[in-house]
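Asker: Mind looking over this structure? Questions follow.
A short reminder: the numbers here are calculations on the coordinates, not readings from a lab. Note that the structure is predicted; figures quoted are calculated from it, not measured. Reconstructed Cβ throughout: ideal geometry from the backbone, glycine too, with neighbour counts over all protein chains shown.
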Amino acid sequence: MHPTDFDRTPGRPELSIVIPVYNEQANLPELRRQVAEVLPQVGADAEVILVNDGSRDESAQLISRICSEDSRFRGVHFSRNFGHQAAVAAGLRYARGRAVVVMDADLQDPPRLVLRLLERWREGYEVVYGRHSKRQREGLGKRLAAYAYYRLLRRIVKEEIPADSGDFCLMDRRVVDLLNAMPERNRYIRGLRAWVGFRQTAVEFDRPGRFAGEANYTFTKSLGLAINGMVSLSKVPLRIATYFGLMVSATSFLLAVFFVVQKLTVGFEIRGWASTVVIILFLGGVQLLTIGIIGEYISRIYDEVKQRPLYIVRALENVEEAAPPDPQLFDGPVR
Ligand code: UDP
Ligand code: MG
């Protein structure tokens, strides 16, 4: 079955483009220009969902202006900054297209590539993701870290997580519906996207630097996302904690045997202040690390049981009644 045959609900656009926006005033005009250039080439109806993730600059006003001038653009405004992943989740919720593309607002995911993603989707792939052939204009440290991280993730996660790819992708309606139906709060979209399966393929592209502005992902945020990805997709870190415990227990047992034998044969002499200190520090480190790993999982359980909404919507623009009713919607004027 061809993916486009699946859902022929009247009024459904062929394509939705979801764009999370956080303090992107310098990029929005150019983004709009490039996206508007691509839309007519889609060859069918298309909509663009700009999710304003509580920006502190003029992004909200710019989005409002774009929406009032061009009805193909829709605005979803959050009540505050909820983070990139929450913004993507909201965009996926309001997207009505038969195919949904997720891309960054800073033009690091070139809008014209949408056409290539669409081509592969029309060939029958449910998920088409962009893979960076080069990480341009990013520091050597970041490139090395990303290289090592994706390879480690692939090793410990059963599902195939494609290396060198971010959130830039096209997903079929079925995949989007599945993601929307997932109850969890901790959303690592590229992991969940891989988890659903179906036919997936990559489109290579050179990822350029930001068009303008500063990356919002600081080192700590990136590290947080990296840990999130690992913990939400895998229980291997917990297993590592167990292995540490086994290793240390085995070592101490062997040492005990060694000391007994030593006492019975050559006798025991008191020495080894340095080794004692090293052992104490080592054990302390292992214990803290292990507690930390367990804590990562417990904090996620805590987040899940609280059942708070993923995000709060302050206002919507150009979103008609046809959009799904959203209990998380708190209506109000745009700032
Ligand atoms: N973003 C967001 N909320 C945030 C941080 C970022 O919606 O709290 C958006 C941002 O506007 C951009 C995308 O997420 O469209 C990627 O952010 P960024 O360019 O800072 O990340 P990087 O490209 O360095 O991974
Ligand atoms: Mg970026």
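Asker: Cβ under 12 Å from SER71's Cβ, SER71 left aside: what net charge do those residues give with Lys, Arg +1 and Asp, Glu -1?
Answerer: Around SER71, the surrounding residues sum to -4.
Asker: About its Cα centre, how strong a charge dipole does the chain have in debye, to the nearest 20, once Lys and Arg get +1 and Asp and Glu get -1 at the Cβ?
Answerer: 1100
Asker: Dividing the Cα radius of gyration by the Kirkwood radius, what Rg/Rh value follows for region 177-279?
Answerer: When Rh is taken as the Kirkwood radius, the ratio is 1.28.
Asker: May I pose another question? If R₀ is 25 angstrom, what is the calculated FRET efficiency for the pair ASN186 and TYR243, using the beta carbon separation as r and rounding to 0.05?
Answerer: 0.55
Asker: Still on this model: When you have a sec, figure out the Kirkwood radius of region 16-109 from all distinct Cα pair distances and drop it here in Å to one decimal?
Answerer: On the way: mean 1/r = 0.0771 Å⁻¹.
Taking every pair of different Cα atoms in region 16-109, averaging 1/r and inverting gives 13.0 Å.
Asker: Also: If you keep only loop residues by DSSP, which chymotrypsin sites (Phe, Trp or Tyr not before Pro) in region 250-325 have at most 15 other Cβ atoms within 10 Å of their Cβ?
Answerer: Sites meeting the loop and neighbour criteria: PHE268.
Asker: Calculate the spin-label point distance for PHE198 paired with GLN41, positioning each point 7 Å from the Cα along the beta-carbon direction, and give it in nanometres.
Answerer: A separation of 2.4 nm, rounded to one decimal place.
Asker: Most fluctuating residue of PRO208, PRO237, PRO309 in a GNM of the chain with Cα springs under 10 Å: which is it?
Answerer: Highest fluctuation of the listed residues: PRO309.
Asker: Running Debye on the chain with equal point scatterers at the Cα sites and no solvent, what base-10 log of I(q)/I(0) appears at q = 0.09, 0.11, 0.12 Å⁻¹?
Answerer: For the requested q values the scattering log ratios are -0.55, -0.75, -0.87.
Asker: Moving on. Let me have the 222 nm mean residue ellipticity of the chain computed from DSSP H runs of 4+ only, each contributing -39500 (n - 2.57), with the sum over all residues rounded to the nearest 500.
Answerer: Details: 11 runs with 158 residues, N = 335.
-15500 deg cm²/dmol, from helical runs alone.
Asker: Sticking with this one: Compute the label zone of ILE298 within region 241-270: residues whose backbone N is under 17 Å from the point 7 Å along Cα-to-Cβ.
Answerer: Residues 241-242 fall inside that zone.
Asker: Right, here's the next one. Using 5 Å bins from zero, what percent of all Cα-Cα pairs in region 43-97 falls into each bin?
Answerer: P(r) over region 43-97, rounded to whole percents: 4, 21, 28, 24, 16, 5, 2, 0.
Asker: May I pose another question? For the chain, with the dipole built from +1 on Lys and Arg beta-carbon atoms and -1 on Asp and Glu ones, taken about the Cα centre, which of ALA60, VAL231, GLY166 lies farthest toward the positive end?
Answerer: Looking along the dipole axis, the top candidate is VAL231.
Asker: Any chance you could run the full-extension gain for ILE280 through SER79? It's 0.36 nm times the residue separation minus the Cα-Cα distance, nm to one decimal. The partial results should precede the final answer.
Answerer: Values: separation 201, 0.36 × 201 = 72.36 nm, distance 4.87 nm.
Result for the pair: 67.5 nm of gain on full extension.
Asker: Let me ask something additional. At 7 Å along Cα-to-Cβ for each site, give me the label-to-label distance between ASP177 and ALA250 in nm.
Answerer: Distance between the two pseudo-spin positions: 5.0 nm.
Asker: Let me ask something else about it. Distance in nm between label sites at ILE291 and GLN61, each 7 Å beyond Cα in the beta-carbon direction?
Answerer: In this crude label model, ILE291 to GLN61 measures out at 5.0 nm.
Asker: Which residue fluctuates most in the GNM of the chain (Cα springs below 10 Å): LEU144, LEU115, LEU255?
Answerer: Taking springs between Cα atoms under 10 Å, the residue moving most is LEU255.
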